[in-house]
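First up is the structure itself, then whatever we jot down about it.
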Amino acid sequence: MARDDRSVMPLLEHIREFRKRILRASFFILIFSAIGWAYYNQIITTLSAPVCDLKAAQLTGSKQCGALYISGVLGPLNLQIKVSILVGVIISAPFWLYQLWAFVAPALHPKEKRNSILFISAATPFFALGATLAYYILPLAIKVLFGFTPSSLSNLVKFDDYLDFVLRLILIFGFAFELPVFLVALNLVGVLTGKSILKPWRLAVFGITFFVAAFSPTADPLSMAALAAPLIILYFGAGGIALLVDRRRAKKAASFSDEEASSIENAQAIDDAKPLENDV
């Protein structure tokens, strides 16, 4: 019976640890969601800026922001809850990602921990760079897309749909900018070499262009070019870094082989000298 308890205890400890990390992550998300609830109007004003100057329209009583609307009796409440939770999840990301890391880290070797920390440290700024680029491109994308509206019609945009569009654009740009991080990470663990990354560069450029055209939420050439051009540059940059890593790895291997060969020669010289000493 005692042996059964010992075999079950590790699983129970994992479940307790997982529950503890989930509760802590939920606590941080709840706290920052409350902050998002408190600053809801400012957030909505910032998000609607690419479509219209909502703050100026509210001050002057202008109807220039009539293109954005909320429908239904529960629409305003549902939108505020949705925006608050999204703000909580995004702002509290460092905290709940740390809880996830703290749960997984005990099962990793020291080298795996070091590589994971380097990967997270590099992935975070690249994602932020892509998300920032998406936000600055958003006004141009909306202007181009609204330009396809016939002059005889009005383009009414439900704010829920607009918010989903903004989130998709930011997430696609953010995750797309993780491409060089993944390539360099695969090179560091020995899965890919620099030559294998750069050799099919024509196919890679075509694949990036196809990905941007297929998954970009906007159909305007300006937004697609703004995403494709940095990705292509980052692809070649990742290949160059991988080549430098391969060259450094080859130098280490060559120096190690030279040291091993010299040690073998010294050992053979000592073995050859022993019979002479015995004869004397």
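Within the set of pairs 6 or more residues apart or between chains, which connect a residue that is in the same structural domain as residue 83 (by TED's automatic domain parsing) and touching a residue at least 12 places away in the same chain (Cβ under 8 Å) inside the stretch 15-31 to a residue that is surrounded by 15 or more Cβ atoms within 10 Å (Cβ to Cβ) and polar (S, T, N, Q) with Cβ atoms less than 6 Å apart?
21/99; 24/99; 25/99; 28/92; 29/92
Kindly indicate the residue of the stretch 118-127 that is in contact with a Phe, Trp or Tyr (Cβ under 9 Å, 6 or more places away or on another chain) and of a type in the set (A, V, I, L, M) and also surrounded by the most Cβ atoms within 10 Å (Cβ to Cβ) among those meeting that condition.
Top of the filtered list is 123.
Enumerate the pairs (first residue in the stretch 109-125 and within 16 Å of residue 186 (Cα to Cα); second residue anywhere and surrounded by 15 or more Cβ atoms within 10 Å (Cβ to Cβ)) with beta-carbon separation below 6 Å, excluding pairs fewer than 6 apart on the same chain, so at least 6 apart or on different chains.
Here the result reads 119/185; 122/181; 123/178; 123/181, each pair linking the stretch 109-125 to a residue that is surrounded by 15 or more Cβ atoms within 10 Å (Cβ to Cβ).
Among the listed residues 118, 138, which satisfies the condition of being outside any loop (DSSP other than H, G, I, E, B) and farther than 22 Å from residue 180 by Cβ?
Working: 118 fails: farther than 22 Å from residue 180 by Cβ.
Of 118, 138, the one residue that is outside any loop (DSSP other than H, G, I, E, B) and farther than 22 Å from residue 180 by Cβ is 138.
Say we look at the stretch 90-103 and pick out the residues that are in contact (Cβ under 8 Å) with a residue 40 or more places away in the chain and surrounded by 15 or more Cβ atoms within 10 Å (Cβ to Cβ); which of these is farthest from the chain's Cα centre (by Cα)?
Out of the qualifying residues, it is 103.
Does the stretch 221-233 include one or more residues that are in a helix (DSSP H, G or I), modelled with pLDDT of 60 or more and more than 30 Å from residue 141 (Cα to Cα)?
Keep residues of the stretch 221-233 that are in a helix (DSSP H, G or I), which gives 221-233.
Next cut, modelled with pLDDT of 60 or more only: 221-233.
Then drop every residue that is not more than 30 Å from residue 141 (Cα to Cα), which leaves none.
No; the residues of the stretch 221-233 include none that is in a helix (DSSP H, G or I), modelled with pLDDT of 60 or more and more than 30 Å from residue 141 (Cα to Cα).
Which pairs do you get when a residue that is crowded, with 16+ Cβ neighbours inside 10 Å, found in the stretch 174-192, comes within reach of a residue that is part of a loop (DSSP other than H, G, I, E, B) and modelled with pLDDT of 85 or more, reach meaning Cβ atoms under 7 angstrom, with the pair 6+ apart or on two chains?
Note: pairs meeting the criteria are 187/193.
The values are calculated or read from the model by the stated rules, or taken from the named source; none is laboratory data. Fair warning: this is a prediction, and the values are worked out from it, not measured in the lab. As a convention, Cβ positions derive from the backbone with ideal geometry for all residues, glycine included, and neighbour counts pool all protein chains shown.
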